[in-house]
1. If I ask for residues that are part of a helix (DSSP H, G or I) and modelled with pLDDT of 95 or more, which ones from the range 28-46 would you list?
2. Exactly one condition in (1) touching a Leu at 6+ places or on another chain (Cβ under 8 Å); (2) closer than 27 Å to residue 117 by Cα; (3) of a type in the set (Val, Ile, Thr) is not met by residue 47; state its number.
3. Do we have residue 130 as closer than 22 Å to residue 199 by Cβ and at pLDDT below 95 here?
4. If you take the residues of the range 19-65 that are among the hydroxyl-bearing types (Ser, Thr, Tyr) and open to solvent by less than 50 Å² (accessible area, probe 1.4 Å), which of them is farthest from residue 126 (Cα to Cα)?
5. Select from the range 147-187 the residues that are open to solvent by 70 Å² or more (accessible area, probe 1.4 Å), without any contact (Cβ under 8 Å) to a residue 12 or more places away in the chain and over 19 Å from residue 115 (Cα atoms) and list them in ascending order.
6. Take residue 194 and tell me if it is crowded, with 19+ Cβ neighbours inside 10 Å, in contact with a Phe, Trp or Tyr (Cβ under 7 Å, 6 or more places away or on another chain) and modelled with pLDDT of 95 or more.
7. Can you name the residue in the range 76-91 that is without any contact (Cβ under 8 Å) to a residue 24 or more places away in the chain and open to solvent by 40 Å² or more (accessible area, probe 1.4 Å) and is also nearest to the chain's Cα centre (by Cα) among such residues?
8. May I ask you to say which residue of 6, 94, 73 is surrounded by fewer than 12 Cβ atoms within 10 Å (Cβ to Cβ), at pLDDT below 95 and either assigned to a helix (DSSP H, G or I) or aromatic (Phe, Trp, Tyr) (or both)?
Amino acid sequence: MSQAVLDRSERKRGAVLEAATSLFLAKGYDGTTMDEVAALAAVSKPTLYRYFADKERLYAAIVAATTDNIDGLLRLVAEELAASHDPREGLSRLAGKFLTALMQPDLLRLRRLVIANAERFPEVGQGWFSGGFERVLETLSAAFQRYAAKGRLRIDDPLMAANHFAGLLLWIPLNRAMFSGKCDSDPAELARYAQAGVDAFLRGYGTETVR
């Protein structure tokens, strides 16, 4: 098979994934049909089924594809916390960017979609968590362990501390978004939650010099 044919095939597959993502996020799993995906992607039904044998596999593919975007967040976490020896400085820089990244409208819609179908497709939900947010927690944990080794944080369980930090940042805005159905966040409000989360975290885990 020529490279041109392979490139064209990959473009079609990409168009299918883009169309499916748009429809699943807007209409949910049950509200989306394979006919609609084929029409929006401008491909034939046989072409669609050649790439994805059924709607369940297509759904799993669009969820899995979003975990690729987590690499940017992992770099953000690692770089921001490696750039400063002062936990308050590093965490304050990170917190606002972290919240902004995780409160993006399409990511909130995807979260709702995955949660709504978690009982039906538990392996998809677990894969999304393991390949995405769990990796972020592990990166945070490693950074906290380095701070602790230098005496800048008091931490016995770095992974638990990473969960606490993420929870302090996300609990209010994420729950409001999940229950209200709204996807737009006020940047000033997110900045306030970010700073309050950092302050609370350092009151619990900071040493006397960084509280």
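1. First, pick out the residues of the range 28-46 that are part of a helix (DSSP H, G or I): 34-41, 45-46.
Answer for the range 28-46, where residues must be part of a helix (DSSP H, G or I) and modelled with pLDDT of 95 or more: 34, 35, 36, 37, 38, 39, 40, 41.
2. Unmet for residue 47, out of (1) touching a Leu at 6+ places or on another chain (Cβ under 8 Å); (2) closer than 27 Å to residue 117 by Cα; (3) of a type in the set (Val, Ile, Thr): (1).
3. On the way: closer than 22 Å to residue 199 by Cβ: no; at pLDDT below 95: yes.
Here the answer is no, as residue 130 does not meet what is asked.
4. The initial filter retains those residues of the range 19-65 that are among the hydroxyl-bearing types (Ser, Thr, Tyr), namely 21-22, 29, 32-33, 44, 47, 49, 51, 59.
Pick out the ones that are also open to solvent by less than 50 Å² (accessible area, probe 1.4 Å) and you get 21, 29, 32, 47, 51, 59.
Details: 21: 19, 29: 17, 32: 22, 47: 29, 51: 23, 59: 14 Å.
Ranking the candidates gives 47 first.
5. 149, 156, 157, 160, 186
6. no
7. Checked the range 76-91; the qualifying residue nearest to the chain's Cα centre (by Cα) is 79.
8. On the way: 94 fails: surrounded by fewer than 12 Cβ atoms within 10 Å (Cβ to Cβ); 73 fails: surrounded by fewer than 12 Cβ atoms within 10 Å (Cβ to Cβ).
Every option except 6 fails the conditions.
The values are calculated or read from the model by the stated rules, or taken from the named source; none is laboratory data. In this text, all values refer to a predicted model and were calculated from it rather than measured experimentally. Cβ sites come from the backbone with ideal geometry, for glycine too, and all protein chains shown count toward neighbours. These area figures cover heavy atoms from the full protein model, side chains too; ligands, DNA and RNA do not enter into them. Shrake-Rupley method; radii C 1.70, N 1.55, O 1.52, S 1.80 Å.
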